[in-house]
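Visitor: This structure is in structure tokens; I'll ask about it shortly.
Only the coordinates and a few stated rules stand behind these numbers; no lab work does. From a predicted model like this one, the values you see are computed outputs, not experimental measurements. Using ideal geometry, Cβ is built from the backbone for each residue, glycine included, and neighbour counts are taken over all protein chains shown.
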């Protein structure tokens with residue numbers, strides 16, 4: 001089908017770059033660009049006359065090579081280099097920059113998520129339990145521990161906290177009727193029973209030693225171990241780690257800011273009590289202040305080239321590990337969604353319940 | 001031949017490094033006329049904002065438009081914001 005032509009037309013600007021950066025953007029980007037060129041992340045051929053474009057090309061290529069395309073199949077968010085921790089309007093930015101004598105001497109690597117990826121994990125845990133009773137807890141531990149390294153994860157623990165807060169002042173009748181009670185009831189025995197006993201080393205060992213019969217479970221374990229390997233040696237660089245030395249005034253800003261938006265929502269099944277708690281919380285996210293980014297790592301520009309290169313290398317190591325880990329996690333989530341959809345189809349066929357397969361997509365907040 | 005290519009790449013890298021160093025030191029000459037005008041008159045960003053709002057209002061009122069009517073200039077037309 002061919003639609004009607006739109007009545008609004010955009011003037012075609014020939015010979016002019018698509019984006020212009022003010023003089024404030026070019027200085028810091030140029031300092032970072034020199035470091036990226038020395039480190040081989042940017043190439044001379046990336047130069048188009050603008051430092052911001054130069055950095056963007058090198059950074060874009062680095063992200064693609066580290067698995068950004070695979071990661072994007074599941075995770076909805078962005079990884080960017082910015083000169084501010086939080087979003088500013090053009091007017092606010094101009095006001096701040098106009099009052100500053102020198103260009104900023106600091107940039108940040110920032111990761112944020114626009115939507116929480118839906119991970120209905122219940123059916124997968126049942127498959128794992130059929131292989132070994134400890135496998136569900138081990139798998140859950142390794143998966144969430146690695147996701148936590150690059151995002152806020154919303155799971156049954158968050159839902160429990162939310163539910164407890166709301167149940168405090170409820171009467172017995174209200175408690176009986178509310179969804180919050182179900183958060184505790186719906187926790188699978190395989191998690192309730194074993195999750196506290198499983199350490200990271202033990203969980204990894206269990207996954208490594210497992211010899212599952214099901215090919216889906218084999219793949220699941222393979223990609224989970226791959227993810228764990230990528231994240232090894234890295235911790236979650238959330239804004240709370242920043243000090244006043246890193247960013248003056250960070251303490252006040254963190255006090256006023258809200259928690260990060262979750263990058264994923266782990267439910268037992270779609271529409272369960274965890275999902276209900278998440279929906280309630282998501283409605284009010286960002287109402288009382290800006291949400292903190294999920295990841296924020298400062299890059300101090302005013303140091304010797306050698307020290308700057310070392311710092312940039314560390315930051316890009318983190319970014320690369322994060323993207324590779326998210327790419328492996330995306331494969332894990334795709335298998336989890338397939339197992340969930342398969343469970344729904346089977347359930348519908350056997351019980352004639354009008355269960356619809358999940359969208360296997362992302363859940364908008 | 002190979003050596004000359006290596007030298008060529010290195011010279012190119014040095015040239016880009018020099019350009020970046022100039023930009024980092026804010027010594028780069030602003031030769032772009034649009035950038036220069038924006039530098040002299042930051043308020044001109046307002047023109048972009050106003051145009052953006054005008055585009056949005058037209059975009060959401062398309063059902064009112066009579067077929068064939070063109071509300072904005074045709075492609076390739078530049079609206080000079082500094083006229």
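Visitor: In percent, what relative contact order does the stretch A:135-211 have, based on Cα pairs under 8 Å that are 6 or more apart in sequence? Write out the running numbers ahead of the final one.
Guide: Numbers: 44 pairs, mean separation 45.5, N = 77.
That works out to 59 percent.
Visitor: Also, quick follow-up: Is it possible to state the helix-based mean residue ellipticity at 222 nm for chain A, with each DSSP H run of 4+ residues giving -39500 (n - 2.57), the sum divided by total residues, to the nearest 500 deg cm²/dmol? What is it? All intermediate terms of the calculation are to be shown ahead of the outcome.
Guide: On the way: 15 runs with 190 residues, N = 365.
Rounded to the nearest 500, the figure is -16500 deg cm²/dmol.
Visitor: I've got another one for you. Between residue A:92 and residue A:172, what is the spin-label point distance in nm, taking each point 7 Å from the Cα along the Cα→C-beta axis?
Guide: In this crude label model, residue A:92 to residue A:172 measures out at 5.0 nm.
Visitor: Separate question: Could you give me the percent of Cα pairs per 10 Å distance bin for the stretch A:163-231, shortest bin first, beginning at zero and ending with the bin that holds the maximum distance?
Guide: Each 10 Å bin holds this share of Cα pairs: 16, 30, 24, 18, 13.
Visitor: If you don't mind, another one. Go ahead and run the numbers for FRET between residue A:235 and residue B:40, Cβ-Cβ distance against an R0 of 51 Å, rounding to 0.05. Mind dumping the intermediate values first?
Guide: Values: r = 47 Å, r/R0 = 0.93.
Working from the Cβ atoms, E equals 0.60.
Visitor: Using the 10 angstrom Cβ neighbour count as an exposure proxy, how do A:150, A:291 rank, fewest first?
Guide: Numbers: A:150 29, A:291 19.
With the sparsest Cβ surroundings first, the list reads A:291, A:150.
Visitor: Now, a different point. Quick one: plug the Kirkwood hydrodynamic radius of the stretch A:152-274 (C-alpha pairs) into Stokes-Einstein at 10 °C, 1.306 mPa s, and report D in µm²/s. Intermediate results must be reported in sequence, preceding the final value.
Guide: On the way: Rh = 18.3 Å.
Answer, rounded: 87 µm²/s.
Visitor: Compute the Rg/Rh shape ratio of the stretch A:289-342: radius of gyration over Kirkwood radius, all on alpha-carbon atoms. Spell out each step's value before the answer.
Guide: Details: Rg = 17.4 Å, Rh = 14.1 Å.
Using Cα coordinates only, the ratio equals 1.24.
Visitor: Separation between the residue A:165 and residue A:285 pseudo-spin-labels, each 7 Å from Cα along Cα→Cβ, expressed in nm?
Guide: Rounded to a tenth, the inter-label distance reads 1.4 nm.
Visitor: When averaged across all projection directions, what area in nm² does the alpha-carbon convex hull of the stretch A:38-162 cover? Can you show the working numbers first?
Guide: On the way: hull surface 49.8 nm².
Computing the convex hull of the Cα atoms and averaging its projections yields 12.4 nm².
Visitor: Mind checking B:10-22 for the average number of partner chain beta-carbons within 10 Å of each residue's beta-carbon? Walk me through the numbers on the way to the answer.
Guide: Numbers: counts 1, 1, 4, 7, 2, 2, 10, 6, 1, 9, 15, 4, 3.
Partner Cβ neighbours, averaged per residue: 5.
Visitor: Would you mind getting me the FRET efficiency between residue A:48 and residue A:216? Use the beta-carbon distance for r and R0 = 45 Å, nearest 0.05. Intermediate values should be presented prior to the final figure.
Guide: On the way: r = 46 Å, r/R0 = 1.03.
Step by step, r from the Cβ atoms, then E = 0.45.
Visitor: If you don't mind, there's one more thing I want to ask. Quick one: order A:194, A:127, A:200 by neighbouring beta-carbon count within 10 Å, fewest to most.
Guide: A:200, A:194, A:127
Visitor: In Å, what Kirkwood hydrodynamic radius results for the stretch A:23-74 from the alpha-carbon pair distances?
Guide: Values: mean 1/r = 0.0875 Å⁻¹.
After inverting the pairwise mean of 1/r, the radius is 11.4 Å.
Visitor: Contact order normalised by length for chain A, with contacts defined as Cα pairs under 8 Å and 6 or more residues apart; what percent is it? Don't jump to the answer; show the numbers that get you there.
Guide: Numbers: 514 pairs, mean separation 104.7, N = 365.
Taking the mean separation of contacting Cα pairs over the length of chain A, I get 29 percent.
Visitor: Now, a different point. With chain A treated as a Gaussian network of Cα nodes joined by springs under 10 Å, which of A:293, A:188, A:239 yields the largest mean-square fluctuation?
Guide: Comparing A:293, A:188, A:239 in a Gaussian network model of chain A, the most mobile one is A:188.
Visitor: Which value, to two decimals, describes the C-alpha radius of gyration of chain A once divided by 2.2 N^0.38 Å?
Guide: Values: Rg = 23.4 Å, N = 365, 2.2 N^0.38 = 20.7 Å.
Here the answer is 1.13, to two decimals.
Visitor: For chain A, find the longest principal axis of its Cα atoms and tell me its angle to the long axis of helix A:156-167, 0 to 90°, nearest 10.
Guide: The answer is roughly 80 degrees.
Visitor: Across 10 Å bins from 0, what is the distribution of all Cα-Cα pair distances for the stretch A:91-192, in whole percents?
Guide: The calculated distribution, bin by bin, is 11, 28, 24, 17, 11, 9, 1.
Visitor: As I understand it, the value is the acute angle between the Cα axis of helix A:273-283 and the longest principal axis of the Cα atoms of chain A; what does it come to in degrees, rounded to 10?
Guide: Approximately 30 degrees, to the nearest 10.
Visitor: If one computes P(r) from the Cα atoms of the stretch A:218-359, what percent of pairs lie at distances over 20 Å? Kindly include the intermediate steps, with their values, before the conclusion.
Guide: Details: 6590 of 10011 pairs.
Summing the P(r) tail past 20 Å for the stretch A:218-359 gives 66 percent.
Visitor: Taking the number of other C-beta atoms within 10 Å as the exposure measure, put A:128, A:37 in order starting with the fewest. Mind showing how you got there, number by number?
Guide: Details: A:128 26, A:37 22.
Lowest count first: A:37, A:128.
Visitor: Applying a 10 Å radius around every beta-carbon, put A:60-67, B:17-24 in order of their mean neighbour count, most first.
Guide: Values: A:60-67: 16.5, B:17-24: 18.6.
Result, highest mean first: B:17-24, A:60-67.
Visitor: Per residue of A:234-244, how many C-beta atoms from partner chains lie within 10 Å of its own C-beta, taken as a mean?
Guide: Working: counts 0, 0, 0, 0, 0, 0, 0, 0, 0, 0, 0.
The per-residue average across the peptide is 0.
Visitor: Looking only at other chains, what is the average number of their beta-carbon atoms within 10 angstrom of each beta-carbon in A:34-46? Don't jump to the answer; show the numbers that get you there.
Guide: Working: counts 8, 1, 1, 5, 2, 0, 0, 0, 3, 4, 11, 4, 1.
The mean count of partner-chain Cβ atoms within 10 Å per residue comes to 3.
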